[in-house]
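What follows is one structure encoded as structure tokens, with my remarks underneath.
Read-outs: derived from the displayed coordinates by stated rules, not from any lab. Keep in mind that what you see is a predicted model, and the values were worked out from it rather than measured. Here the Cβ positions follow ideal geometry from the backbone for every residue, glycine too, while neighbour counts run over all protein chains shown.
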Amino acid sequence: MRQERRTGAIAGGSVTGGLVEISEIENLVVVGDLHGDSRTLAAILRAIDHDSFLKNPLNKLVFLGDYVDRGSDSAGVLGTVCRLKRTSPGSVVLIRGNHEAPSEFPFSSHDLPYELGARFPRQAREIYGRVLALFGQMTLATVVGSSLLLVHGGLPTEPDAPENYRARISVAQENHIRDRVMEELLWNDPRTIGSDWERSPRGLGRHFGPAVTERWLAATKTRVVVRGHEPCRGYRIDHDGKVLTLFSSAEPYPGFAAAYIKVDKGELEKIKNAGDLARRTVLL
Ligand SMILES: [Mn+2]
């Protein structure tokens, strides 16, 4: 990921700081929050036949973040996504979730350090230090053609951010300590409100309204926002079909359901709203 930032390139697209923009694509798979559920991750990889899928660098496997915490195998999920990124760097995009930002935004449900301590008692501190460095390299937002804008939490409400999104997201990646845009990408939730934003009960991030979504879609020339961050039964649609929430964790969330999105180039070009994308969502 450091190398991609240095060269500014990924197969079929460009990398600017924390922003990945894919212009040439053949197939896209999107995975939402995993939260330490390595069995669901393995089931998704089997279902997409990942060995052959990842051989084509124009196929993209995008993770929406929140790899760790809550489930029983955060280390297993991290190990797998790192292996995928290392063996198929051009086809794998790792977006950063709020659970991958503990040093900037401390919060209470971050149990990864305890899991590492229990499983790797002698190396836990060293491993965790390297994991934090990995989190700092993760992508903040991904634009897929003129179709999709992918983030973990939601869209920043800063009025000038959409039109300057390339510069703003790359700055957020560089000075991320307490950067508002960074915080909101990782923590925001879409709500049907008349204003641009309201306070979030999460304590970090904000609720953002439909007008903010419209502005970001116009600026990035995309049609649907895909994000994770909230448990649901596979997916949920907000903001009049402009936002799709995807959820891919089962083990720590009985009562919800895990899903992933699989879509090819032709289908991507035809997607007009979140409903079209929901029809390409596979429930596990
Ligand atoms: Mn989250």
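Here are the numbers:
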| item | result |
| --- | --- |
| Value of relative contact order over the stretch 10-112, rounded to a whole percent, pairs C-alpha under 8 Å and six or more apart | 29 percent |
| MRE, 222 nm, helices only [DSSP H, n ≥ 4, -39500 (n - 2.57), over the chain, to nearest 500] | -9500 deg cm²/dmol |
| Cα-centred dipole magnitude for the stretch 7-100, charges only on beta-carbon of K, R (+1) and D, E (-1), debye, nearest 20 | 220 debye |
| Rel. contact order, % - alpha carbon contacts under 8 angstrom, at least six apart, the chain | 20 percent |
| Separation of the Glu269 and Lys55 label points, Cα + 7 Å toward Cβ, nm | 2.6 nm |
| The chain - charge dipole about Cα centre, Lys and Arg +1 at Cβ, Asp and Glu -1, debye rounded to 20 | 440 debye |
| Distance cut-off 16 Å, percentage of C-alpha pairs in the stretch 36-144 lying past it | 60 percent |
| Positive-end extreme of charge dipole, the chain - chosen from Ala250, Ile237, Gly275 (charges on Cβ) | Ala250 |
| Relative contact order, percent, the stretch 116-183 [alpha-carbon distance under 8 Å, six or more residues apart] | 21 percent |
| Intensity falloff of the chain expressed as log10 I(q)/I(0), Debye formula with alpha-carbon point scatterers, at q = 0.10, 0.13 Å⁻¹ | -0.46, -0.81 |
| Total formal charge among the other residues, if their Cβ is under 9 angstrom from that of Tyr67, Lys/Arg +1 and Asp/Glu -1 | -4 |
| Integer Hz, Karplus 6.51/-1.76/1.60 couplings in order for the stretch 219-227, x for Gly and Pro | 5, 8, 6, 10, 10, 9, 8, 10, 9 |
| Cα-based equivalent ellipsoid of the stretch 94-145: semi-axis lengths in Å, sorted from largest, via gyration tensor | 24, 12, 9 |
| Spin-label model distance (nm) - Arg180 vs Arg236, 7 Å beyond Cα toward Cβ | 2.6 nm |
| Table column - 3J(HN,Hα) (Hz), the stretch 258-265, Karplus curve with 6.51, -1.76, 1.60, x for Gly and Pro | 9, 8, 9, 10, 10, 8, 9, 4 |
| Phi-based couplings in Hz for the stretch 79-88 (Karplus 6.51, -1.76, 1.60; Gly and Pro marked x) | x, 5, 5, 5, 5, 4, 5, 6, 7, 9 |
| Gln137-Ala47 pseudo-label distance in nm [points 7 Å out on the Cα-to-Cβ vector] | 2.9 nm |
| Sorted largest first, extent of the stretch 169-246 alpha carbons per principal axis (Å) | 33, 30, 26 |
| The stretch 5-98 - Rg and Dmax from Cα coordinates, angstrom | 13.0, 37 |
| Residues Phe256 and Thr16, FRET efficiency given R0 of 45 Å [Cβ-Cβ distance, rounded to 0.05] | 0.85 |
| Nonlocal amide H pairs with Lys242, under 5 Å, H built at 1.01 Å | Ala274 |
| Rounded to the nearest 20 debye, dipole of the stretch 176-284 from Cβ charges on Lys, Arg, Asp, Glu | 180 debye |
| 11 Å cut-off, amide nitrogen to a point 7 angstrom out along Glu24 Cα→Cβ, residues in the stretch 52-89 | 57-58 |
| Under 5 Å, built H, 5+ apart or other chain: amide partners of Trp197 | Gly209 |
